[in-house]
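Read through the structure below, which is laid out as structure tokens, and then see the notes.
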Amino acid sequence: MSTPSSSNNILGDLATAFAGREISDVQTRTGGLIYLHTNRGLEVAESFGIQDAEAVGRLAEALFMRQSVEIWSEADAVGGAARMWELVRSRRVIDFSCEEGALGSPVRMRVQVHLSEHGLGVTCRWLRAKISQLETLGIDALISDSLRELMQRRFGLGLITGPTGSGKSTTLAAVLDWVRRHFPKHIVTIEDPIEYRYDAMMEDPNQPGVQIPAPSLVTQQEVGRHTLSYQSGLKEVLRKTPNIILIGEIRDRETMETCIEAAQTGHFVLSTLHTRGAVKTIDRILEFFPKAQQSGILHRLSETLTFVLSQGLLTGFNGRVLVTEYLQNTSEAVAAGMRSYDGSATSLADALRYKGNLRWDQSLINLYRAGHISEDIFNANLMG
């Protein structure tokens, strides 16, 4: 077995060793090997050896200090590592974002430092430094066009759903960046933590290479740094006169209800849920509420829920591929399907067959027929 890498730039070394493999996550655990999520799936960085407690702690401190400079002055940065250990001891797990500059070009990272049976662990999600355009994400062109059209509405609720690592944040950023560059809107984000950053400037579409002010104003807030919680951030956000509100994730009934209320009062709200498929998304929303309130919630959703884009990233023959399900609430048939939903999938499943929508299994069939995924991947991901 190889010895642990002694380099202070272990992430840079990993980027070099796995060049061209589109690293999305790095997993390090005390007493274990390093694992990476790449376009080939989960891979082991065996040549880097077993990571001892000192190596994992050193990585955690280095990443924490890179975001500490955003919170404290340079003079306070000396105490940053001590603060990290204090937070780990009191909370057991901490989440933050930072920028790692030792990977050839600056890479934004979402980091979790946590404890487990073996000791300290670090998970790094590598975010793309540049926000992708919708056309480059693998989303069907008709869905991209629909998203652009629906985002021009004055109010509504749009949900992007899927498991962890399915690209929800990347899609959200692409949608908001398109709005930012094309319309005079005030966009307020409440995230935990902030992932992608939106510039105040943009390239002039008529003069390549020339920077001009973007028509939209973007205000970004991070839970724990700029606001106490999603709930408090949502309550405070309405005083900022936003047009579009992004809530990083809906985690509880209060946040869900506030999102619906904000959509009903003239705001466009975007958020995420960890669900797969439109029907399961409606099920998850209903689970937040007692049975007696669910009929009323369905009626409110039929008026405010503008779209559900559910997505997953699969290992394809030539890298990751995106599978999607899309439900747009643009017809009375879809709205009626929501209002009449009673736990059986029939009404909403029928709505998914209307023009402009896309069923998960049909998206899988399209990928399989196009030769992008294997039969095993196809069968393993059928929703049925």
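Summing +1 for each Lys or Arg and -1 for each Asp or Glu among the other residues whose beta-carbon sits under 13 angstrom from that of residue 214 gives 0.
A value for Cα extents along the principal axes in Å was derived from the coordinates, and within the list (1) 59, 58, 52; (2) 81, 56, 38; (3) 62, 54, 52 it appears as (3). Averaging the Cα positions of each part gives two centres, and for the range 219-236 and the range 138-169 these lie 23 Å apart.
Taking 8 Å as the Cα distance limit and 6 or more residues as the minimum spacing, I'd like the relative contact order of the chain as a percentage. Could you put the intermediate results ahead of the total?
On the way: 697 pairs, mean separation 50.5, N = 384.
That works out to 13 percent.
Neighbours of residue 310, meaning other residues whose beta-carbon lies under 15 angstrom from its beta-carbon, give a summed charge of 0 when Lys and Arg score +1 and Asp and Glu score -1. Dividing the summed helix terms, -39500 (n - 2.57) for each DSSP H run of n ≥ 4, by the number of residues in the chain produces a 222 nm estimate of -11000 deg cm²/dmol to the nearest 500. Only lysine pairs 8 or more places apart, or on different chains, with alpha-carbon atoms under 29 angstrom apart are counted in the chain, and they number 14.
Ordered by the count of other Cβ atoms within 10 Å of each Cβ, fewest first, 59, 238, 327 give 238, 59, 327.
Each reported figure results from applying straightforward, stated rules to the coordinates on display, with no laboratory input. Quick caveat, the model's predicted, so the values are computed rather than measured. Glycine gets a Cβ as well: all are built from the backbone with ideal geometry, and neighbour counts include every protein chain shown.
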